[in-house]
Each structure stands twice: as C-alpha cells, then as structure tokens.
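Colleague: The structure is given below, and queries will be raised subsequently.
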Amino acid sequence: MRRTEQLQGLRLMKFEDVYGRCYRGDLSQVEASEILGVSERTFRRWRDRWEADGAEGLYDRRLGRVSARRAPVDTVARVLELFETRYRDFTAKHFHEKLVTEHGFGLSYNWLRLSLQAHGKIKAAPRRGAHRRKRPRRPMVGMMLHQDGSSHDWVAGAVWDLIVTMDDATSEVYSGFFVAEEGTMSSFQALGEVIAEKGLFCSLYADRASHYWHTAQAGGKVDRDNPTQVGRVLAQLGIELIPAYSPEARGRSERMFGTLQKRLPQELRLAGITTMAEANRFLKEVFWPAHNARFARPAEDTGSAFVAFAGTLEDILCVQEERVVSNDNTVRYKNRNLQIPADRHHHHYVKARVRVHEYPDGRLAVFHGPRCLARYRADGSPMETTKQQAA
C-alpha cells in the first residue's frame, strides 16, 4: 500500500471519530475543524459528503488516476537512452544541466532525479548526519587564497595532478592546470598566473606538503624558521603562508575537488581529450569560465584586497640556491657545469658566492648579487644575450 493510501485511511478514521463527537454535541463545528486541521467550511463539506455517500464520499478521487502533468513515455525513454549511452558517469545534477543546455530539456531536476532512481540508474544518496560547522569565508576577494592539488584518473589510463588556486571569499578558481606531479614548480606556475592576472594577495592557505613546509615528521608541526622555496618566495612578496591544520578550512578545498572529480573527467571524455596539453587548453578556454559562472558566489564586501605588482616576477618565482664558483670559473648545479662566459666579464668569479636560479620551464641563470652573469638552457648550455646577438 502506498503512503498516500495509508494517509487517506488514517484521515477517514480520524474524521469518523470527530464527526461522531460533533453529532452527539460534544464538539462544535469550529472545534471539530481545528482538530482535523482544516477550515470550518471544509469540515461542513466533508460532513455533507459523509452523510450523502458514507466513507466513499471522502475518498481522494485523484488516487489511481494518471496525472495530467505526467511526462510522456517517449520523453522518459529519450532521457534514459541519453543517460545510458552518453552520460552514464554523470551525476544527476550534472546530467540535468547538460539536458537543459544541449537538448532543450524543460522538466525539473527533481523529476529527473526521481526518474533515474525509479529506473535503477542511480541510487538515492544517504541521509546526511549533523553537518560540521564551516569556517566563515573571508569577506573580500584577495584576502586569502587556497592552493591544493588532487591526483585522479582525469582521463582514461592517466593519473595527473590538478593544481587549483581559488579565492576563499567566492570560491572562484583563478588558476587550474594539470601537471605530472605536484611540487615546487607547479606552485610557482600557479602563483605566477594569479599575480599576473589579479596582483598580489594577502595570504595563501595550503596543506603541509613538503614543497610548502618543512616538518619534523609527516603531518607534524611546521618549521616556520626553515622556509621552503615556496615559503621564501611568498615571504619575498609579502604574502603570508598559512598551514592547513583546521579540518573545517581544508574542507573547502576537499568539497571543491569532490565536485571536480564528478564533473571534469566526464567533460574531458565528451570533448574527446586524451593529452595533457589538450586538457590544459580545455580548462583555460572552456571549463573554468563555465565552472566559475556556476559555482562562484558573491563576496560579502565588494572591494578587493589585491595589489598590483611592479617588478620582474620571473626572478622571484624560481628556485634559488647559493653556490661557490669553481677554479675553472664554472658553477656546479644538479650534475651540470654552468660556465660563466669570460668574454662578458673582464675578471673571473673564482671562489665568489653566487646564486643559481632555476625557472619552472627548466632554464637556469647565475646571479652575483643583483647582477645576472649568464643565462642557460635546461641542459646547461649558455643562451646568447641580446648584446652577443647584435655583435
């Protein structure tokens, strides 16, 4: 027996008891209608139907009839066919968005969800328990950004890391791209994209991965006195690096990646994308604009905490390590001998303490204080300077 039929039986039993008490004069019509939770006029209508036809007069005549608003059978069949053949790995919400934008679908998301559940295509989500308290968002954009990476089978047969940098105030994604493995260089690339487009921000919230923090033991307390390359860069730019201890704050990134893992692989599959270069181009040109339009929310404060950056960002967002020049006027760095050109400098730099810059694209440079002595390709071969090319 369906729930509506059960409720109708209970309503009849309750009305019979209240009607009898009202007939005997124990209750007035006003009191009877209040007990039944209906208006006095409705009670009189039910009374007249009960006296005329008995219990049958109070039966709900809609039960057993097909609703006039019921979706046509061919519409249901078309939706199920699309789900099985093209959108089998989509969530109900994502599937509904595709039906509306690409197939002219006009029915509600709730109808779609219930129909897919009724035909065994998806399972009803378990009822959530008491939700933990979320950490309040920053009121203004640029006050705090989140940066995190997620390893996942984003395309069939390939596990990549997705590096995402988003604003805490709005959840807008400012930078997102695939790399083979998350690390220092991927953080530099993300920071460079954000600063070039938006400017300097106030703080960066990140997990305690080894490229953000040095820790005495995995998952332990961070060593603020021994910064990593990323920590050195952020300190140089005046940006505070905040370690992720709080589960409430980490939850914001976790929920975002949970959404991405249920949407992005499906979008890449529909677009026929299999390579990382194609996927990154798709993210920049197609996916992120649509994602931000769908999920970004307005900030409490309409102002902005971003500050324009003036300077050479390339020589900040790089790995910097000190070396001592050898007797042959070379610098040893990662199994490569970087020769300081003698034709550019009138004296040698033997025993001088220099600084090697390694850029995200693999290029190298040697600096003595603020002066760049030479630049090199990724293999260590020297690059021609503008002065040399002109000669």
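Colleague: If I go through the stretch 234-273 residue by residue, how many of them are part of a loop (DSSP other than H, G, I, E, B) and closer than 12 Å to Phe178 by Cβ?
Modeller: Of the residues in the stretch 234-273, 1 are part of a loop (DSSP other than H, G, I, E, B) and closer than 12 Å to Phe178 by Cβ.
Colleague: Something else now. Counting residues that are β-branched (Val, Ile, Thr), which strands (runs of 3 or more DSSP E) fully inside the stretch 275-367 reach at least 1?
Modeller: Strands (runs of 3 or more DSSP E) meeting the threshold: 319-324, 330-333, 353-358.
Colleague: Just to check your reading of the model, which residue among Arg113, Arg138, Arg208 is charged (D, E, K, R) and part of a helix (DSSP H, G or I)?
Modeller: Matching residue, one of Arg113, Arg138, Arg208: Arg113.
Colleague: Next up: Go through the stretch 187-212 residue by residue and tally those that are surrounded by 21 or more Cβ atoms within 10 Å (Cβ to Cβ), under 22 Å from Gln320 (Cα atoms) and hydroxyl-bearing (Ser, Thr, Tyr).
Modeller: Final tally of qualifying residues: 2.
Colleague: Right, next: Can we say Leu99 is free of Cβ contacts under 8 Å to residues at least 40 places away in the same chain and either surrounded by 11 or more Cβ atoms within 10 Å (Cβ to Cβ) or over 30 Å from Glu278 (Cβ atoms) (or both)? Don't jump to the end; show me each part of the working.
Modeller: Numbers: free of Cβ contacts under 8 Å to residues at least 40 places away in the same chain: yes; either surrounded by 11 or more Cβ atoms within 10 Å (Cβ to Cβ) or over 30 Å from Glu278 (Cβ atoms) (or both): yes.
Yes.
Colleague: Which numbered condition in (1) under 24 Å from Leu234 (Cβ atoms); (2) without any contact (Cβ under 8 Å) to a residue 40 or more places away in the chain; (3) among the charged types (D, E, K, R); (4) surrounded by 13 or more Cβ atoms within 10 Å (Cβ to Cβ) is the only one that Asp361 fails?
Modeller: (4)
Colleague: With the structure loaded, tell me whether Phe306 is more than 23 Å from Val159 (Cα to Cα), modelled with pLDDT of 95 or more and surrounded by 14 or more Cβ atoms within 10 Å (Cβ to Cβ) or whether it fails that test.
Modeller: Details: more than 23 Å from Val159 (Cα to Cα): yes; modelled with pLDDT of 95 or more: yes; surrounded by 14 or more Cβ atoms within 10 Å (Cβ to Cβ): yes.
Here the answer is yes, as Phe306 does meet what is asked.
Colleague: Sticking with this structure for a sec: Give the residue, chosen from Pro289, Pro265, that is loosely packed, with under 13 Cβ neighbours inside 10 Å and under 15 Å from the mean Cα position of the chain (by Cα).
Modeller: Just a single option satisfies the conditions, and that option is Pro289.
The values are calculated or read from the model by the stated rules, or taken from the named source; none is laboratory data. What you see is a predicted model, and the numbers here were worked out from it, not measured in a lab. With ideal geometry, Cβ positions are generated from the backbone for all residues, glycine too; neighbour counts draw on all protein chains shown.
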